[in-house]
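The values are calculated or read from the model by the stated rules, or taken from the named source; none is laboratory data. This is a predicted model, so every value here is computed, not measured. Neighbour counts run over all protein chains shown; Cβ positions are idealised from the backbone, glycine included. Surface accessibility is based on the protein's heavy atoms, side chains included, excluding ligands, DNA and RNA. Shrake-Rupley method; radii C 1.70, N 1.55, O 1.52, S 1.80 Å.
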Amino acid sequence: YIRLLKNVLFYIVVSGVVSYMLVAKSYGHPFLESDNRHYMFYLWKRYLSSFTYRLLLCPVYALFACLTFYRLRLQRGPVWIMIFLVALVVTLVPTPLLEPRYFTPGVVVAMLNMPQLNLSRSIIKLGVLIVVTGMVA
């Protein structure tokens, strides 16, 4: 019961931090709002520029963040996770644009440091990464 309570409390804290960042620290960069050659322009224009959509996505972001750090905790210690978080912040905070390529190093490092999945899941994950990379390249 205590473990469940700690997990729920952690999720609530992460949701609060994510909500604050999405509402207070998200803005549309002029290049993002004017360059209609990229699909991020359309995502921002139709959905992500609205605070309502951002807040609706908050629980999803928080859930994936919690699941990612839970899986990392199985393989790595708290010092490694803190260094990883600092590296993510240093990589993502200064970037003015919303581009998937900025998230790629963090995703790859996290995936390499998680417990290994079985072969079929690994192949599916690799296929998804290849498709997404092909779409944004």
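If I filter region 69-81 for residues that are farther than 25 Å from Ile12 by Cβ and in contact with a Leu (Cβ under 7 Å, 6 or more places away or on another chain), do I get at least one hit?
no
Does Leu55 qualify as being within 25 Å of Met111 (Cα to Cα) and under 17 Å from the mean Cα position of the chain (by Cα)?
So Leu55 fails the test.
Select from region 106-122 the residues that are open to solvent by less than 90 Å² (accessible area, probe 1.4 Å) and over 20 Å from Ala87 (Cβ atoms) and write down the one among them that is modelled with the highest pLDDT.
Ser120
Would you pick out the residues in region 1-35 that are among the polar types (S, T, N, Q) and part of a helix (DSSP H, G or I)?
The answer is Asn7, Ser15, Ser19, Ser34.
Take the residues in region 53-66 that are out of contact with any helix residue (DSSP H, G or I) (no Cβ under 7 Å at 6 or more places or on another chain) and open to solvent by less than 90 Å² (accessible area, probe 1.4 Å), then tell me which one is farthest from Lys25 (Cα to Cα).
Leu63
Open to solvent by 90 Å² or more (accessible area, probe 1.4 Å), within 19 Å of the chain's Cα centre (by Cα) and free of Cβ contacts under 8 Å to residues at least 12 places away in the same chain, is that true of Tyr27? Full working, then the answer.
Working: open to solvent by 90 Å² or more (accessible area, probe 1.4 Å): yes; within 19 Å of the chain's Cα centre (by Cα): yes; free of Cβ contacts under 8 Å to residues at least 12 places away in the same chain: yes.
Spelling it out, Tyr27 is indeed open to solvent by 90 Å² or more (accessible area, probe 1.4 Å), within 19 Å of the chain's Cα centre (by Cα) and free of Cβ contacts under 8 Å to residues at least 12 places away in the same chain.
Pairs only if they're at least six apart or on different chains, beta carbon under 9 angstrom, first in region 35-53 and free of Cβ contacts under 8 Å to residues at least 24 places away in the same chain, second among the aromatic types (Phe, Trp, Tyr) and open to solvent by less than 90 Å² (accessible area, probe 1.4 Å); list them, first residue then second.
Asp35/Phe41; Asn36/Tyr42
So the check is Cβ under 7 Å with 6+ separation or different chains; which pairs have a first residue in region 104-125 that's among the polar types (S, T, N, Q) and a second one that's not in a loop (DSSP other than H, G, I, E, B)?
Taking only residues 6 or more apart or on different chains, the pairs are Asn113/Leu72; Asn113/Gln75.
Mind listing just one residue for me: the one in region 78-101 that is among the aliphatic types (A, V, I, L, M) and either part of a loop (DSSP other than H, G, I, E, B) or at positive phi (or both) and, of those, surrounded by the most Cβ atoms within 10 Å (Cβ to Cβ)?
Restricting to residues being among the aliphatic types (A, V, I, L, M) and either part of a loop (DSSP other than H, G, I, E, B) or at positive phi (or both), the top hit is Leu98.
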